[in-house]
1. Among the residues that make up segment 309-316, is at least one of them closer than 24 Å to residue 282 by Cα and modelled with pLDDT of 90 or more?
2. Checking residue 264 against (1) without any contact (Cβ under 8 Å) to a residue 60 or more places away in the chain; (2) buried (at least 20 other Cβ atoms within 10 Å of the Cβ), only one condition comes out false. Which one?
3. For segment 30-87, name all the residues that are aliphatic (A, V, I, L, M), surrounded by fewer than 18 Cβ atoms within 10 Å (Cβ to Cβ), touching a residue at least 40 places away in the same chain (Cβ under 8 Å) and part of a loop (DSSP other than H, G, I, E, B).
4. Enumerate the pairs (first residue in segment 139-167 and assigned to a helix (DSSP H, G or I); second residue anywhere and at pLDDT below 60) with beta-carbon separation below 8 Å, excluding pairs fewer than 6 apart on the same chain, so at least 6 apart or on different chains.
5. Of these, 248, 269, 229, which one is under 17 Å from the mean Cα position of the chain (by Cα), of a type in the set (A, V, I, L, M, F, W, C) and in the same structural domain as residue 300 (by TED's automatic domain parsing)?
6. Tally up the residues in segment 63-107 that are out of contact with any Asp or Glu (no Cβ under 7 Å at 6 or more places or on another chain) and β-branched (Val, Ile, Thr), please.
7. Would you mind finding the one in 243, 232 that is in contact with a strand residue (DSSP E or B) (Cβ under 6 Å, 6 or more places away or on another chain), of a type outside the set (Lys, Arg) and at pLDDT 90 or above?
Amino acid sequence: MAAEPRLSPRREPEPAGLLDALATALVMVDARDEVLYLNAAAQDLLAIGDAGARGRKLGELIRDPRPLEALIARVRERAEPIAQREIKLTPTARSDVSLFVDCTASPLEPDQVLLEIADTTAQQRINRDAMLLSQLGGSRLMVKSLAHEIKNPLGGLRGAAQLLERELPDARLKEYTQVVISEADRLRALVDSLLGPGYPPNKQSLNVHEPLQHVYQLLRSEAPAGLEIVRDYDPSLPHLSLDRDQMIQAMLNVGRNAVQVLGNSGRLIIRTRALVNVSIGRAHHRVVASVQFEDNGPGVPPELADTLFYPRVTGRPGGSGLGLAVAQDLVTRHGGLIEYESRPGHTVFTLLLPLEEDERG
């Protein structure tokens with residue numbers, strides 16, 4: 001009789017393997033808040049391997065660990081799980097990224113704590129985009145009323161430049177009056193578009209760096225000597241369908257705001273990149289162009305964080321509070337959006353401009 005085949009004993013999955021399969025990040029710390037374990041999701045979130053994190057203080061892995069440390073302390077005091085939402089978390093190894101997470105902390109023995117961390121950054125961004133887009137209706141009404149007040153002085157400015165040009169003895173000086181006349185004409189066209197009934201932009205195929213370079217030159221001419229303006233362009237960006245005048249004004253408003261905040265010294269970086277799989281409101285885009293204005297100034301005052309794109313909202317004495325409101329309006333006319341993140345010493349305003357037609361999600 002043939003021998004019966006021998007079956008290999010069934011192997012149960014290892015506990016660590018099961019934990020690594022979870023999408024939720026798990027972090028276990030001991031009584032001294034030193035890391036005992038990170039699962040695979042936590043390693044991705046904090047950009048560090050389990051072996052490299054073990055034995056290190058949790059505060060070494062996160063730029064500002066105070067919210068998590070306070071949560072852990074409350075869990076030990078109450079000896080029960082506690083959940084906290086919308087914690088801002090910046091991993092030390094990913095200092096250029098700010099995340100929003102929901103965290104549940106549970107007590108273990110002896111004085112160990114398990115953190116279950118869910119990354120909600122994408123949802124936070126969707127909510128914030130919805131808030132920014134909802135502000136547009138009121139902003140546009142106020143911008144139109146203020147545009148009426150701007151239109152007449154522009155005509156006087158242009159006329160004065162023309163009269164001055166006729167009286168100039170040196171033809172070479174007319175180059176400067178032509179700049180004044182040209183900018184007055186551009187602003188007049190912009191004001192007309194703001195006063196109009198929401199007509200679509202007059203788009204043409206453009207390399208985004210062409211209007212951006214014009215903005216760079218204007219900012220450099222206005223900036224004080226102690227302020228550094230650096231360009232970091234991605235030359236591989238394809239052409240976009242843009243209204244050149246509107247885009248110049250939007251970029252100039254954002255860049256000029258940064259220059260004015262920095263004052264007599266500081267650093268402004270103008271950066272372009274291509275981003276993939278980005279949602280703007282309800283529209284999903286395979287590729288968008290990102291135009292960033294990054295400065296090392298004092299940051300956006302916390303009390304203005306939720307109203308920054310409203311007209312007449314400004315953190316500067318004597319500021320009109322119109323620049324960012326107008327810029328947001330112009331960018332949304334292109335199907336895009338202006339987002340920002342800010343903390344003292346690091347503020348980034350990002351213009352997101354779609355490269356293709358909307359894909360409704």
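1. Let us first name the residues in segment 309-316 that are closer than 24 Å to residue 282 by Cα, namely 309-310.
Next, only the ones that are modelled with pLDDT of 90 or more stay: none.
No, that holds for no residue.
2. (2)
3. Selection gives 31, 47.
4. Every condition considered, the pairs that remain are 140/198; 142/312; 144/195; 147/195; 148/195; 151/195.
5. Going through 248, 269, 229 in turn, the sole match is 269.
6. 4
7. Values: 243 fails: in contact with a strand residue (DSSP E or B) (Cβ under 6 Å, 6 or more places away or on another chain).
Only one candidate passes the filter, namely 232.
Matching residues to (1) of a type in the set (D, E, K, R); (2) farther than 15 Å from residue 352 by Cα; (3) surrounded by 13 or more Cβ atoms within 10 Å (Cβ to Cβ); (4) in contact with a Leu (Cβ under 7 Å, 6 or more places away or on another chain):
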{"residue": "181", "(1), (2), (3), (4)": "no, yes, yes, no"}
{"residue": "186", "(1), (2), (3), (4)": "yes, yes, yes, no"}
{"residue": "189", "(1), (2), (3), (4)": "no, yes, yes, no"}
{"residue": "237", "(1), (2), (3), (4)": "no, no, yes, no"}
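The values are calculated or read from the model by the stated rules, or taken from the named source; none is laboratory data. Note that the structure is predicted; figures quoted are calculated from it, not measured. In this analysis, Cβ positions are derived from the backbone assuming ideal geometry, glycine residues included, and neighbour counts consider all displayed protein chains.
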